[in-house]
Amino acid sequence: MANWSLVQFLGLFFSFLLGEFCAPYYIQRYASTKSAKDSKNGLLIFGVHWIFFMATTAAIGLASMAIQPDVKPDLAFTNLIRDILPPGITGLVFGALLAAVMSTGAAMINTSAVIYTRDIYNKFINTAATQAELLRQSRLSTLVVGGISIGVAIIFQDVFGLMIYMFKLWPSAILPPLMCGLLWGKISPYAGAPAVIAGGLSFFLWSDKVLGEPFGIPANFIGIGMNCLVLFFVHQKMKGHKPEGPFLPDLN
């Protein structure tokens with residue numbers, strides 16, 4: 001990081017800031033509270049807790065660097081637990097870690113299944129689907145997404161790098177439409193899908209996987225910028241059109 005430019009540092013900063021903000025497992029919990037007040041109070045408590053959580057995480061990482069300087073970063077925490085803690089406590093901590101990972105993974109897989117079932121299958125493939133058919137599709141999509149996730153975890157060994165990539169990808173795809181929908185509410189429903197596709201695709205092409213972030217400009221900046229541009233122009237073009245078919249508001 002010593003050779004990074006200010007723009008590159010800001011790209012990493014915003015990838016964590018917006019990546020956590022747009023994380024599906026957080027949004028799922030924001031929207032599941034009894035009222036907006038409960039959601040705000042929960043976020044406030046979570047924000048205070050997060051300060052101590054991050055400080056503890058950083059302290060564990062520094063301790064790991066001092067005790068086992070040659071360990072792989074992805075194994076630093078687990079190796080530290082294995083080598084330092086007594087057997088009984090080691091099992092308890094690993095059990096807690098497994099529970100936390102399963103909770104997050106279940107929320108993300110469930111979110112993917114709901115998006116496919118409600119926003120793709122029920123709106124574009126089978127608009128008259130019964131609850132039994134929707135449940136069947138949800139179960140099948142859960143199996144597919146879970147299987148793909150296992151495959152990705154096996155193929156991509158750099159867990160931290162994969163996390164950073166995803167933290168940059170999903171704000172590029174969903175942040176502008178999400179914020180316009182939440183804070184403004186007047187955005188044309190026709191503008192969301194093109195903006196999501198443009199943001200995600202431009203991020204992918206600009207990223208280190210394809211073009212290698214030319215001129216040192218982070219791919220998430222390009223993705224969010226293209227998303228905003230497409231969102232604005234499609235909204236201006238379609239704002240006078242009455243929503244029809246799958247673009248009607250979902251009031252269920």
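The values are calculated or read from the model by the stated rules, or taken from the named source; none is laboratory data. What you are looking at is a predicted structure, and each value in this text was computed from that prediction instead of being measured. Virtual Cβ from ideal backbone geometry, glycine too; neighbours counted across all protein chains shown. Keep in mind that these areas ignore ligands, DNA and RNA; they rest on the heavy atoms of the full protein, side chains included. Shrake-Rupley method; radii C 1.70, N 1.55, O 1.52, S 1.80 Å.
One residue stands out in the stretch 15-36 among those that are open to solvent by 30 Å² or more (accessible area, probe 1.4 Å) and of a type in the set (S, T, N, Q): the one that is farthest from LYS168 (Cα to Cα), namely SER35.
This table checks each residue for (1) under 17 Å from the mean Cα position of the chain (by Cα); (2) open to solvent by 30 Å² or more (accessible area, probe 1.4 Å); (3) in contact (Cβ under 8 Å) with a residue 40 or more places away in the chain.
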residue	(1), (2), (3)
GLN157	no, yes, yes
ILE164	yes, no, yes
LYS168	yes, yes, yes
ALA191	no, no, yes
GLY199	yes, no, no
ASP208	no, yes, no
ALA219	yes, no, yes
ASN227	yes, no, yes
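For TRP184, the criteria (1) within 20 Å of the chain's Cα centre (by Cα); (2) open to solvent by 50 Å² or more (accessible area, probe 1.4 Å); (3) under 29 Å from PRO218 (Cβ atoms) hold in every case but one, which is (1). For the stretch 18-103, the helices (runs of 4 or more DSSP H) that sit wholly inside it and include 2 or more residues that are free of Cβ contacts under 8 Å to residues at least 24 places away in the same chain and either in contact with a strand residue (DSSP E or B) (Cβ under 6 Å, 6 or more places away or on another chain) or over 22 Å from PHE167 (Cα atoms) (or both) are 36-67, 76-84.
So how many residues does the stretch 129-155 have that are acidic (Asp, Glu) and either open to solvent by less than 50 Å² (accessible area, probe 1.4 Å) or under 21 Å from PHE203 (Cβ atoms) (or both)?
Pass one, the stretch 129-155, residues acidic (Asp, Glu): 133.
From the residues that got through so far, the ones that are either open to solvent by less than 50 Å² (accessible area, probe 1.4 Å) or under 21 Å from PHE203 (Cβ atoms) (or both) too are none.
The qualifying residues number 0.
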